[in-house]
Amino acid sequence: MSFPTRSLASCSSSRHLRLLQRVLRSPHRYFSAAPASSKLELPPESEWRKYFPPALQVNHRVSLRNAETAAKLADAFVPEGSEGKVILEAFPGPGQLSRALLNLPKNRIKKIIILEDWEPYLEYLKPLQKADSRVIVVGRDGYNWDSYQLISELGLLDDVPKLGWDQGVHPQLQFISHLPSTVNGEQLISQLLRTVPEHQWLFQYGRVPLSFLLSEHVYNRVTATIDDPSARCKVSIIAEASAHITSALPSSVLNPFDQHFHPVTSAHAKAADLKRSSRAVGLPFQSMNLVPRQHQLIRKGQTDAWDYCLRRLFVRKATELRTALPGLAPGAQILLKKVTDPALPDSERLDVRKKVNKLQAHEWAILLKAFDEWPFKPEDLTIGDFMIRSKNA
């Protein structure tokens, strides 16, 4: 399933009103309108397992449980100096971080649009909307493209200005998310990164910052440099080429896992899970802030070519480029001459003796330039495993 390339839809104020009335009446409850209740306050942290018992649908999801940690993270994601932020928050769980964001000085947060579709969590999110006019709860999955389409159709981002890419980091719009601890979670951040150079998704509004809570396993893959070749991968290169990434909080603030997050499993179950998977719930977590680069190494319209070349060459990631490159496509060995041409400046040539996983993003840009100019490159460069779902697809 490919990620849609169309812009988010817009519609008139009267259409916004009709849509809002329709979804409020809908049994699917896209947009919650539940009365406030005692669930405005979260259960005691020690009792979350009782109130939010294990369920197959959310066993892969991790939610911040510790209120003090949530306060620190909210301040790191939306620091002093922020003004009038419009936050789109996905996978919030029952909303410990949501509450911490609302507890920041009011001038920092103008609006929080919350995406969550698990009913036991919604029961603790709906009262926030009743209690605080800045909160809008959309009962949809943050992994579903239709959710973001609905947000646009409801006009929830109509008050957000669209800025030019050279006008700095967007001062208002920001995306914040717990990232699910699954391969789908890793693919989600990979897909969001690849929309940066194309100025799609939220990036049609400009250089919108993203903030994530994610497993250390995925964090290491996203941020891996050439000094960590075992973790270096396709998403590392795309991230390096498209964004500046920093840790929001030191790792020590978020670990050990059991003191800060839900769900907490028994020591026996955790040990068994950790043996089975590097994505098991209970592994250390990290936080990151991601800001799109002003000068993108991936040119607009080149994302599919980068995906293609990275995927084909990382199959032999520990191999020297001069050996791996002919496997890119029939006749691709001709590119070796192109990227080593002595007539080119040093800054535009490659050392083809380097291993694939030792190439930096700017070196991949040199290779992709040669590939893009090659008249016999494959015509179909698309890849078919994108996971953002659309019910209409």
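Kindly indicate the residue of the range 229-255 that is open to solvent by 60 Å² or more (accessible area, probe 1.4 Å) and not hydroxyl-bearing (Ser, Thr, Tyr) and also farthest from residue 293 (Cα to Cα) among those meeting that condition.
Per the stated criteria, the residue is 250.
Using beta carbons and a limit of 8 Å, which pairs, at least six apart or on different chains, have the first residue in the range 245-259 and closer than 20 Å to residue 210 by Cβ and the second one of a type in the set (S, T, N, Q) and assigned to a helix (DSSP H, G or I)?
Short answer, once both residue conditions are applied: 245/223; 253/69; 254/69.
Given the conditions (1) open to solvent by 10 Å² or more (accessible area, probe 1.4 Å); (2) out of contact with any strand residue (DSSP E or B) (no Cβ under 6 Å at 6 or more places or on another chain); (3) among the small types (Gly, Ala, Ser), report the number of the one that residue 181 does not fulfil.
(2)
I'd like to check something: does the range 53-68 contain any residue that is open to solvent by 50 Å² or more (accessible area, probe 1.4 Å), outside any loop (DSSP other than H, G, I, E, B) and either at pLDDT 55 or above or in contact with a Lys or Arg (Cβ under 9 Å, 6 or more places away or on another chain) (or both)? Walk me through how you get there before you give the answer.
Step one: list which residues in the range 53-68 are open to solvent by 50 Å² or more (accessible area, probe 1.4 Å), which gives 53-54, 56-57, 59-60, 68.
Retained after the next criterion (residues that are outside any loop (DSSP other than H, G, I, E, B)): 68.
When the remaining residues are screened for being either at pLDDT 55 or above or in contact with a Lys or Arg (Cβ under 9 Å, 6 or more places away or on another chain) (or both), the result is 68.
For the range 53-68, residues open to solvent by 50 Å² or more (accessible area, probe 1.4 Å), outside any loop (DSSP other than H, G, I, E, B) and either at pLDDT 55 or above or in contact with a Lys or Arg (Cβ under 9 Å, 6 or more places away or on another chain) (or both): present.
Every residue in the range 321-340 that is surrounded by fewer than 17 Cβ atoms within 10 Å (Cβ to Cβ), closer than 16 Å to residue 372 by Cβ and of a type in the set (Val, Ile, Thr), please.
If the condition is that a residue be surrounded by fewer than 17 Cβ atoms within 10 Å (Cβ to Cβ), closer than 16 Å to residue 372 by Cβ and of a type in the set (Val, Ile, Thr), then 334 is the only one that fits.
Answer yes or no as to whether residue 110 is more than 22 Å from residue 45 (Cβ to Cβ), in contact with a strand residue (DSSP E or B) (Cβ under 7 Å, 6 or more places away or on another chain) and among the charged types (D, E, K, R).
Spelling it out, residue 110 is indeed more than 22 Å from residue 45 (Cβ to Cβ), in contact with a strand residue (DSSP E or B) (Cβ under 7 Å, 6 or more places away or on another chain) and among the charged types (D, E, K, R).
Going through the range 209-266 one residue at a time, which ones are of a type in the set (A, V, I, L, M, F, W, C), within 13 Å of the chain's Cα centre (by Cα) and over 20 Å from residue 75 (Cβ atoms)? Don't jump to the end; show me each part of the working.
Looking only at the range 209-266, we keep the residues that are of a type in the set (A, V, I, L, M, F, W, C), and these are 210, 212-214, 218, 222, 224, 226, 231, 233, 235, 237-239, 241, 243, 245, 248-249, 253-254, 257, 261, 264.
Subsequent filtering for residues that are within 13 Å of the chain's Cα centre (by Cα) retains 210, 212-214, 218, 222, 235, 238-239, 243, 245.
218, 222, 235, 238, 239, 243, listed by residue number.
Could you tell me which of the residues 343, 318, 370 is among the aliphatic types (A, V, I, L, M) and surrounded by 14 or more Cβ atoms within 10 Å (Cβ to Cβ)?
370
Would the range 33-49 turn up any residue that is touching a Leu at 6+ places or on another chain (Cβ under 7 Å) and charged (D, E, K, R)?
No; the residues of the range 33-49 include none that is touching a Leu at 6+ places or on another chain (Cβ under 7 Å) and charged (D, E, K, R).
If you go through the range 167-188 one residue at a time, how many are more than 21 Å from residue 96 (Cα to Cα) and either at pLDDT 95 or above or acidic (Asp, Glu) (or both)?
Qualifying residue count, the range 167-188: 7.
The values are calculated or read from the model by the stated rules, or taken from the named source; none is laboratory data. Remember, it's a predicted structure, so these values are computed and weren't measured experimentally. Cβ sites come from the backbone with ideal geometry, for glycine too, and all protein chains shown count toward neighbours. Protein only, heavy atoms only, side chains kept; ligands, DNA and RNA dropped before computing areas. Shrake-Rupley method; radii C 1.70, N 1.55, O 1.52, S 1.80 Å.
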